[in-house]
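Below is one structure; the comments refer to it alone.
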Amino acid sequence: GVHADAVVLESPYTNIREAAAHIPITKIYRQFPGFGYLILDSLALGNMFFPSDENVKVLACPLLILHAEDDTVLPPHLGRKLFETARSAYKDKTKVKFITFPEKLGLGHDYISFNPELPTLVQ
C-alpha cells in the first residue's frame, strides 16, 4: 500500500539466511556439522528473514541495485541473484538495473556512496 518513486539498494543480499551462509565471518563455522541448524535455522526461529528476494517481486517502481566487485562483507553474486529475481518478476524489465563497481575503485562494502559518479547513476 506504500507508493515509492524508486528503490535503490546498496550492496544488498537475497535474504538473511543466504547472506549468513556467505559472509566471511561464518566461513570457519560452515565446515562444522550443525552450522545450518545452529546459525541459519536459529535466524528463522527468531523471525529474522529480511526477504529482499520476496520483496522485490512485488515492486513496480524503478529498482537500482548497486554492488562493488570488491565487497568482502556480502559477495556480489548475492546482489546479482537479487537482480535476476527482480528482473524475472518485473513486467517492464527496463525498470530494473544492476550496476557493479570495479575492484580498482576500492569501494568495498561501505563506500559506494562516496563514488562521485553516483548521483549521475541514480538519475
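The values are calculated or read from the model by the stated rules, or taken from the named source; none is laboratory data. Because the structure is predicted, anything quoted here is derived from the model rather than measured. All Cβ positions, even for glycine, are placed from backbone atoms using ideal geometry, and neighbour counts span all protein chains on display. To get the accessible areas, we keep the full protein, side chains included, count just its heavy atoms, and leave off ligands, DNA and RNA. Shrake-Rupley method; radii C 1.70, N 1.55, O 1.52, S 1.80 Å.
Structure summary
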read-out	value
Tally of residues being open to solvent by 50 Å² or more (accessible area, probe 1.4 Å), in a loop (DSSP other than H, G, I, E, B) and under 23 Å from Ser52 (Cβ atoms) across segment 89-108	2
Residues that are loosely packed, with under 12 Cβ neighbours inside 10 Å and modelled with pLDDT of 80 or more, drawn from segment 44-59	Val58
Cross-chain or 6+ apart pairs with Cβ under 9 Å, segment 1-19 first and more than 17 Å from Leu74 (Cα to Cα), then among the charged types (D, E, K, R) and surrounded by 14 or more Cβ atoms within 10 Å (Cβ to Cβ)	Ala6/Lys95
Some residue of segment 70-85 being in a strand (DSSP E or B) and open to solvent by 50 Å² or more (accessible area, probe 1.4 Å)	no
Test result for Leu118, over 20 Å from Thr14 (Cβ atoms), in contact with a helix residue (DSSP H, G or I) (Cβ under 8 Å, 6 or more places away or on another chain) and either aliphatic (A, V, I, L, M) or exposed (fewer than 12 other Cβ atoms within 10 Å of the Cβ) (or both)	yes
Filtered residues of segment 45-69 (kept if hydrophobic (A, V, I, L, M, F, W, C) and outside any helix (DSSP H, G or I))	Met48, Phe49, Phe50, Leu59, Ala60, Cys61, Leu63, Leu64, Ile65, Leu66, Ala68
Contacts under 9 angstrom Cβ, first residue in segment 67-84 being in contact (Cβ under 8 Å) with a residue 60 or more places away in the chain and closer than 15 Å to Arg17 by Cα, partner of a type in the set (A, V, I, L, M, F, W, C) and open to solvent by less than 10 Å² (accessible area, probe 1.4 Å), 6 or more apart	Leu74/Ala19; Leu78/Ala19; Gly79/Ile65; Gly79/Leu66; Leu82/Val56; Leu82/Ile65
Scope segment 4-24; condition at pLDDT 85 or above and open to solvent by 70 Å² or more (accessible area, probe 1.4 Å); matching residues	Asp5, Val8, Glu10
